[in-house]
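The values are calculated or read from the model by the stated rules, or taken from the named source; none is laboratory data. All values reported here derive from a predicted model rather than from experimental measurement. Quick reminder, even Gly has a Cβ in these numbers, built from the backbone with ideal geometry, and neighbours come from all protein chains shown.
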């Protein structure tokens with residue numbers, strides 16, 4: 001018989017606790033956070049305050065670049081899905097607040113977004129471990 005409660009199993013969810021929603025935290029991320037650019041993303045990151053135990057991510061797509069909500073939502077869905085499936089490669093100790101701002105001017109295919117997001121997560125790990 002197989003056991004379904006394996007503690008080593010990777011969770012592929014992107015729940016409420018993993019989303020950055022606090023206005024105070026978002027303002028702090030944009031004002032004090034470090035950033036780098038990896039087309040089509042501008043990535044902001046900041047070590048999380050003591051209250052969060054996991055990495056928290058914010059996904060933003062500009063209204064200026066994509067006037068129609070349908071297009072903005074399509075891009076956000078693709079980014080969320082790519083993050084959800086690859087977030088396990090990002091170490092969560094200490095936790096980070098991450099802002100993923102889509103700055104591209106066209107809707108890229110999911111495969112491109114996912115490959116760029118994998119590179120972003122690797123770079124965030126490198127940055128985190130250089131400071132320690």
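Being assigned to a strand (DSSP E or B) and at pLDDT below 95 is the filter; apply it to segment 59-97 and report the residue that is nearest to residue 19 (Cα to Cα). Working first, answer last.
Kept after step one, since they are assigned to a strand (DSSP E or B), are these residues of segment 59-97: 59-61, 96-97.
Of the ones still in play, those that are also at pLDDT below 95 are 96-97.
Values: 96: 11, 97: 9 Å.
Out of the qualifying residues, it is 97.
Conditions: (1) closer than 24 Å to residue 9 by Cα; (2) exposed (fewer than 12 other Cβ atoms within 10 Å of the Cβ). Residue 121 meets all but one. Number of the miss?
Checking residue 121 against (1) closer than 24 Å to residue 9 by Cα; (2) exposed (fewer than 12 other Cβ atoms within 10 Å of the Cβ), the one that fails is (2).
Filtering segment 98-132 down to residues that are assigned to a strand (DSSP E or B) and touching a helix residue (DSSP H, G or I) at 6+ places or on another chain (Cβ under 8 Å), which residue is farthest from residue 30 (Cα to Cα)?
In the first step, residues of segment 98-132 are kept if they are assigned to a strand (DSSP E or B); the result is 98-102.
Going one step further and asking which of them are touching a helix residue (DSSP H, G or I) at 6+ places or on another chain (Cβ under 8 Å), we end up with 98-100, 102.
Numbers: 98: 10, 99: 8, 100: 11, 102: 15 Å.
Among those residues, the one meeting the criterion is 102.
Out of 16, 24, report the one residue that is over 25 Å from residue 108 (Cβ atoms), modelled with pLDDT of 90 or more and exposed (fewer than 12 other Cβ atoms within 10 Å of the Cβ).
Values: 16 fails: modelled with pLDDT of 90 or more.
Testing whether each residue is over 25 Å from residue 108 (Cβ atoms), modelled with pLDDT of 90 or more and exposed (fewer than 12 other Cβ atoms within 10 Å of the Cβ) leaves just 24.
Please go through segment 84-100 and give me each residue that is under 17 Å from residue 13 (Cβ atoms), in contact (Cβ under 8 Å) with a residue 60 or more places away in the chain and in contact with a strand residue (DSSP E or B) (Cβ under 9 Å, 6 or more places away or on another chain), ordered by number.
As a first pass, look at segment 84-100 and keep what is under 17 Å from residue 13 (Cβ atoms): 84-90, 92, 95, 98.
Filter once more, keeping what is in contact (Cβ under 8 Å) with a residue 60 or more places away in the chain: 84-85, 87-88, 98.
Correct list: 87, 98.
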